[in-house]
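J.: Quick one: the structure is below, and I'll ask about it shortly.
The values are calculated or read from the model by the stated rules, or taken from the named source; none is laboratory data. It should be emphasised that the depicted structure is a prediction, and the values quoted were computed from it without experimental measurement. Don't worry about glycine lacking a Cβ; one is built from the backbone with ideal geometry, like all the others, and counts go over all protein chains shown.
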Amino acid sequence: MLLQISEPGIKAPKPRRIAVGIDLGTTHSLVATVRDQRPLVLEDAEGRVLLPSVVHYRADRRVDVGYDAMVWQNDDPENTFVSVKRYMGRGRDDLPERNGVPYRFADAPGMVQFETQAGTVSPVQVSAEILKTLRERAVRTLGDEIGGAVITVPAYFDEAQRQATKDAAKLAGLEVFRLLNEPTAAAVAYGLDQGAEGVYAVYDLGGGTFDISILKLTRGIFEVLATNGDPALGGDDFDRTIYDWLLRETGIPTPAAGDARRLLTAARAAKERLSEQATAPISAPLSNGTVVKANLSRETFDSLAADLVKRTLAPVRKALRDADLSIGDIKGVVLVGGATRMPCIRTAVAEFFRQPPLVDLDPDKVVAIGAALQANALAGNRAGDDWLLLDVIPLSLGLETMGGLTEKIIPRNSTLPVARAQEFTTWKDGQTAMSIHVVQGERELVGECRSLARFELRGIPPMVAGAARVRVTFQVDADGLLSVSAAEQTSGVEAKIEVKPSYGLNDGDIARMIEDSYRHAQDDIEARRLREQKVEAVRLLEATEAALAEDGGLLSADELAVITQGMQVLRDAAEGADWEAIKKAADALNEASVEFAGRRMDYSIKKALTGQKLEELSA
Amino acid sequence: MTPAATRNYFELFQLPALFQLDLEQLDRQYREIQTRVHPDKAAHLSDTEKRLALQWATLANEAYRTLKQPLERARYLLRIHGVETREEDNTAMPKEFLLEQIEWREELQAALALRSLAALDRLSARLRTEIDSLLVSLATLLDVERRHPAAADVVRQLAFLEKLDRDIGQAQTELEG
């Protein structure tokens with residue numbers, strides 16, 4: 001690489017980075033990118049954009065994904081995972097339908113694990129297989145390594161579910177720019193496409209989750225006012241009502257796993273057909289040679305589905321109330337998710353909002369397109385004229401207090417990022433450790449909220465009871481992920497924090513899974529680490545060059561020399577093959593730029609506010 | 001050089017430290033700052049810049065939330081003037097106010113017992129008027145007369161009414177089911 005000499009005020013040309021948006025859905029997943037400033041949903045070799053979110057594990061540990069996995073679901077249901085998104089960040093006790101599914105659950109605490117013929121796998125690993133397939137599709141189509149990805153999650157996903165999604169991406173070798181809420185992604189795609197302004201509702205009924213978000217769109221700012229939903233309600237449940245009806249109608253006994261899967265597939269096909277026509281014939285051959293036959297009319301289906309449809313409207317009301325808005329304030333309703341093709345949903349939405357919903361964009365693709373647009377912006381591929389997303393935390397964060405009660409520390413619908421500090425004291429003389437239990441949810445009893453993690457604080461200086469004042473800060477970032485830091489106030493000692501996620505994986509688990517996956521692949525882990533560090537080094541060098549070009553004038557000659565020297569060290573290291581040396585040089589350059597970054601930020605804010613004042617004066 | 005948590009929120013948005021705030025101006029300044037500091041703007045930058053963006057955006061959100069809500073804004077102004085509202089341990093209230101509270105609560109219970117959404121809506125509208133009139137006197141006490149201890153009394157009363165307002169909202173949600 002040539003040494004670039006850049007003078008302040010002259011901008012270095014920015015190379016384009018490949019960024020993708022991924023809609024990791026319950027029933028199917030998609031990957032999209034932006035090419036020539038247009039969003040583009042990527043196809044597989046057969047020209048299909050939807051990848052069924054199905055993963056099959058073979059006895060020899062080979063893995064089939066998508067359509068290749070679907071062919072196994074009737075004959076090998078135990079090892080074929082559909083709708084795995086429902087299990088992300090969930091414990092065994094959280095599962096609504098453990099008996100109706102063919103999987104063998106491992107007897108382990110924390111997040112559910114499945115026993116397969118290829119060994120025990122977690123929902124994170126299953127999701128990683130889907131993400132890997134999409135990554136490979138993107139690399140093949142775009143002909144280059146992926147710089148980073150935006151992955152969408154239901155707005156109503158809690159912290160454990162978000163963390164699980166991010167872990168899956170890490171496992172799949174993707175750098176996650178951002179986890180983006182599905183309705184927000186849809187709003188970006190819709191808003192940018194239609195130039196919408198005003199308050200919009202995004203009604204998102206996916207395969208396994210329901211989300212409602214109320215957003216205000218003003219001059220390129222997408223501000224989420226409130227979000228609500230049901231993390232266990234989706235198109236799958238509509239299939240299940242048809243399945244239950246089929247059993248009642250035909251009088252057949254509860255079938256074994258393979259036949260259950262066949263009947264569910266037939267139920268789904270009937271549901272989809274009813275979006276186009278008034279009746280759907282059902283015909284499902286069972287393993288014993290008999291064929292289940294029935295005729296489902298749209299009228300019957302609508303009455304079967306009425307309760308589920310109604311269940312989506314309660315969160316809608318709550319979101320409106322949280323946003324302090326009434327139905328008349330909503331300018332438009334955007335439909336997202338394949339399940340919103342059902343006429344009963346469209347009718348219910350139109351009646352509730354007293355206006356026909358907006359269906360200009362393909363409800364299957366709109367989320368992936370929004371994610372791709374955001375990924376492109378985050379990669380720095382756009383100039384300064386882009387948009388801003390202000391999203392919220394969907395569920396309140398709280399702490400367990402005496403008697404198993406919850407004390408809320410961050411209320412739901414707070415704009416992200418957000419932080420709150422809380423002070424704790426010791427209750428025993430000489431106490432040097434304490435435990436903090438963080439939960440998420442709206443209920444008053446800890447047992448009725450989701451347990452996120454237990455934080456053990458250690459290293460508190462010994463004092464008499466009640467004398468120590470430990471200030472614990474809970475930070476939730478733009479992805480909705482939590483981090484905790486603590487310091488004893490009187491001594492200034494930083495307490496050590498050990499995190500025990502209730503349903504997640506710790507960093508050690510992730511590292512082990514990554515190494516595990518390489519034991520069965522040609523690629524090796526050292527090569528991956530080197531590749532990752534090189535990408536990281538290039539990114540940091542480019543960012544530093546751009547910063548110097550823009551604001552180099554904020555530095556003295558000596559300060560500039562320290563940074564340029566750090567850059568040279570990193571450049572040299574990145575030429576070599578020692579990933580640890582590259583990482584060390586990158587850390588050193590980061591460290592050397594702390595003061596510079598702070599000055600740049602202050603300068604930028606001052607410029608922003610005074611610039612605006614001048615405009616107002618001239619207006 | 002992390003964004004100091006002690007930075008005055010009014011100064012952050014370059015607005016006068018008054019209770020009667022130009023909310024549109026606040027919105028504009030908040031957006032202007034977030035457009036610069038939001039972590040999404042730093043996604044392709046160095047780790048140092050990402051961390052700084054997170055801290056700044058967190059501060060801007062906290063400052064905006066505080067100044068946007070009248071009750072929070074009043075508490076914050078009083079704190080700047082060295083007056084703590086001490087809502088946890090100062091429960092001394094005028095007797096008439098407490099009697100009114102009992103009446104409000106009884107009406108809420110009655111509406112709930114009848115499962116009457118209309119009664120809840122009427123109650124909510126009346127409470128709104130009451131809250132608005134207290135906010136008007138708060139504005140005078142804080143910005144014109146600068147009687148801070150008296151303003152703190154009104155803040156404590158408003159806290160009661162806002163709690164009632166939330167409870168009515170909760171009841172409305174439950175009835176709408």
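J.: Please list, ordered by first then second residue, the pairs with beta carbon atoms under 6 Å, 6 or more apart or interchain, first in the range A:527-550 and under 21 Å from residue A:173 (Cβ atoms), second not in a helix (DSSP H, G or I).
T.: Qualifying pairs under 6 Å: A:540/B:46.
J.: Sticking with this structure for a sec: Which residues, taken from the range A:26-66, are surrounded by fewer than 18 Cβ atoms within 10 Å (Cβ to Cβ) and at positive phi?
T.: Result: A:36, A:37, A:47, A:61.
J.: Residue under question is residue A:447, and the condition is that it be in contact with a helix residue (DSSP H, G or I) (Cβ under 7 Å, 6 or more places away or on another chain), under 19 Å from residue A:222 (Cα atoms) and away from chain B (no Cβ under 13 Å); does it hold?
T.: Against the criterion (in contact with a helix residue (DSSP H, G or I) (Cβ under 7 Å, 6 or more places away or on another chain), under 19 Å from residue A:222 (Cα atoms) and away from chain B (no Cβ under 13 Å)), residue A:447 does not qualify.
J.: Hey, another quick one. Whether any residue in the range A:460-479 is at pLDDT 80 or above, within 32 Å of the chain's Cα centre (by Cα) and surrounded by fewer than 16 Cβ atoms within 10 Å (Cβ to Cβ) is what I want to check.
T.: yes
J.: Moving to a separate point now. With the requirement that a residue be within 14 Å of chain B (Cβ to nearest Cβ) and free of Cβ contacts under 8 Å to residues at least 40 places away in the same chain, what does the range A:198-231 give you?
T.: Of everything in the range A:198-231, those that are within 14 Å of chain B (Cβ to nearest Cβ) and free of Cβ contacts under 8 Å to residues at least 40 places away in the same chain turn out to be A:216, A:217, A:218, A:219.
J.: Please find, among A:415, A:406, A:425, A:401, the residue that is more than 24 Å from residue A:315 (Cα to Cα), β-branched (Val, Ile, Thr) and either in contact with an Asp or Glu (Cβ under 8 Å, 6 or more places away or on another chain) or at pLDDT 90 or above (or both).
T.: Within the list A:415, A:406, A:425, A:401, the selection yields A:401.
J.: So which residues in the range A:257-281 are touching a residue at least 40 places away in the same chain (Cβ under 8 Å) and farther than 21 Å from residue A:102 by Cβ, if there are any at all?
T.: Within the range A:257-281, A:272, A:274, A:275 qualify.
J.: Given the options A:456, A:407, A:423, name the one that is out of contact with any helix residue (DSSP H, G or I) (no Cβ under 6 Å at 6 or more places or on another chain), more than 29 Å from residue A:227 (Cα to Cα), in a strand (DSSP E or B) and within 14 Å of another protein chain (Cβ to nearest Cβ).
T.: One residue alone meets the criteria, A:423.
J.: How many residues, within the range A:341-384, are assigned to a loop (DSSP other than H, G, I, E, B), in contact (Cβ under 8 Å) with a residue 40 or more places away in the chain and on the phi < 0 side of the Ramachandran plot?
T.: Counting residues in the range A:341-384 that are assigned to a loop (DSSP other than H, G, I, E, B), in contact (Cβ under 8 Å) with a residue 40 or more places away in the chain and on the phi < 0 side of the Ramachandran plot gives 8.
J.: For residue B:42, all conditions in the list (1) more than 30 Å from residue A:545 (Cβ to Cβ); (2) surrounded by 21 or more Cβ atoms within 10 Å (Cβ to Cβ); (3) among the small types (Gly, Ala, Ser); (4) over 20 Å from the mean Cα position of the chain (by Cα) hold save one; what is the number of the exception?
T.: All conditions pass for residue B:42, except number (1).
J.: Being touching a residue at least 40 places away in the same chain (Cβ under 8 Å), more than 22 Å from residue B:123 (Cβ to Cβ), assigned to a helix (DSSP H, G or I) and aliphatic (A, V, I, L, M) is true for just one of B:139, B:171. Which residue is that?
T.: B:139
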